[in-house]
1. May I ask for the angle, rounded to the nearest 10°, between helix 325-341 and the longest principal axis of the chain, with both axes built from Cα atoms and the value confined to 0 to 90°?
2. Over segment 226-380, what lengths in whole Å, largest first, do the semi-axes of the equivalent ellipsoid take, defined as the square roots of 5 times the eigenvalues of the alpha-carbon gyration tensor?
3. What is the magnitude of the charge dipole of the chain about its Cα centre, with +1 placed on the Cβ of each Lys and Arg, -1 on the Cβ of each Asp and Glu, and no other charges, expressed in debye to the nearest 20?
4. Binning every alpha carbon pair distance of segment 197-289 at 5 Å from zero, what are the percents per bin?
5. Based on Cβ point charges of +1 for Lys and Arg and -1 for Asp and Glu, what charge dipole magnitude is obtained for segment 189-275 about its Cα centre, in debye rounded to the nearest 20?
6. Provide the convex hull volume over Cα atoms per residue for segment 152-222, in Å³.
7. Helix 4-15 versus the longest principal axis of the chain: what angle, 0 to 90°, nearest 10, using Cα atoms?
8. Of the peptides 286-294, 258-266, 182-190, how do they stack up when ordered by the mean number of other Cβ atoms within 10 Å, highest first?
Amino acid sequence: MADPTELMLADLSQKYADMKVSNAYLRLYESEGRFGRAFASIHERLNSHFEAINDRAETTHHYWAESSREMIALIKEVSNFLQSLKHAGIDVHLADPYVAAVKSCQEWLVRSGGSTMPDGFEQIQIIQFSPVLSRPETEIRLKKSQQRNRLQLIGEGSYAKVFSFTDPDYGIKIAVKRANRDLGERDLYRFRQEFDILKRLSFPYIVEVFQYDETRNEYKMEFCDSTLREYIKRRNNKLHFSSRKRIALQFLYGINYLHSKGLLHRDVSLQNVLVKTYNDDSAVLVKLSDFGLAKDRNSEYTRTKTEMRGTIRDPFLVNFKDYDARNEIYAIGSVLSYIFSGREALISQGDTASLIVRKCTDHDIDKRYQSVREVISDVEKMDAPSLPADAPA
C-alpha cells in the first residue's frame, strides 16, 4: 500500500512542476531537490507582489483589486504549503522579513475594490539574491563577520594581482585573484574564462577556485604557499631525487588531466606551477594555476588570437593559434629540467632526466614526445642516479 505522506509530497511537488520560474530564482534553490522549484516559484511571486506594493505605496497608496486577490491567494498558498510540509516532518522556514511583510499585508488587503495601504506604510525589504525559504536541518550557520579583512599582496602580474586573507569562518588562508583595472575587454574576458575553466575542473593537481565577484572582477581560490621556482630554489641542496620525481609526476599528472579534457595550458612555467607544503616543507602538493591563455576547443577566443604569448615559448612555433600538445611538451621539458636540477638552463648530461628533457625540447617537433602520457611513462621508470665510486656515502 502506498504511503499517504509520500503521495501527498508527490502531489505537492507535481503542483509546481509545470510552473514557469525564472533561472534567477531557480539557481537559489538548486540544492533543495524535489521542492527547489516550489521554493523558487513562491519566492519569485512574493517578490513580484512586494515590488508592486512598494511602487504603489509611493504613488496612489492603492493596490489593484485583482492583484489584491492574487496576493491573498498566494499568502494562503504559502501557509498551506508550509503546513503540509510540516505535517510530513519537513520543517521549512520563511525568512523573518518576509514573515513580517506577509503579516503586514494581511492587515490591509481586501478581496474587492482594491486595497488601501495604511498611512506610514514602510517599504518592504526585497530579498533577491539569497533564499527566503530554507530547511534549518540542512543548513549550517557561518559567521557573518562585520570586520573587514585586510588583504595581503602575494603576487602581481601583467593582468592581475593575487592577495591572501584568513577566512573568519574556517580560520584558513584563502587567495584572491583580482583583475587589474586597466584590462581591455579581451583580457578581461580571458580572466573570467580562466575562472570558468578552473571551476569545471576537479583534480588534485589543479588549483581549486571558489567564487567569482562580478563587481570587482576577482575570484577566490585555494591558497598555495609558493611557486615551484621558489620551493625548489629554497631546498635545492637538500632535495632528494625521490622528492623531485614525485614533484615531476604530480606536475605531469596535472597537465595530462588538462589534455584529457581537451585543454592546453599554453603558459606552463615555473611561476604558474604552485605548491602547497606540509609538515615543515617536507611534503609538497603541486597545483597548476594561471589558465588565462588556456586553449579550449569550445572557445573562439582561444582559436583566433595569433600573437606569441606565454612565459616559456617553443622557439620553433611560428603561429600561436597552431599551438598543440607537442608545443606544450617543450615547456614541460623546461620545467622538468628545473625540477631535476634546480637550474634554469636545460640540463644536457647523459643521465635519464637529461634524455627526457632533450626529447621534450627536440628541434624536430616530430621527434618529441607526442603526448604527456609518453613523458609520464619514462619519468615513472626513472631510478635514482648512481653516485660515482669516490662520492661520499
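Every read-out reported here was derived from the displayed coordinates using simple, explicitly stated rules and does not represent laboratory data. Remember, it's a predicted structure, so these values are computed and weren't measured experimentally. Positions of Cβ are backbone-derived with ideal geometry, glycine not excepted, and every protein chain shown enters the neighbour counts.
1. 70
2. 25, 18, 13
3. For the chain, the charge dipole is close to 1000 debye.
4. Pairs per bin, as whole percents: 2, 13, 23, 23, 18, 11, 6, 2, 1, 0.
5. 540
6. Expressed per residue, the convex hull around the Cα atoms of segment 152-222 is 104 Å³.
7. Value to nearest ten degrees: 80.
8. The most tightly packed comes first, giving 286-294, 258-266, 182-190.
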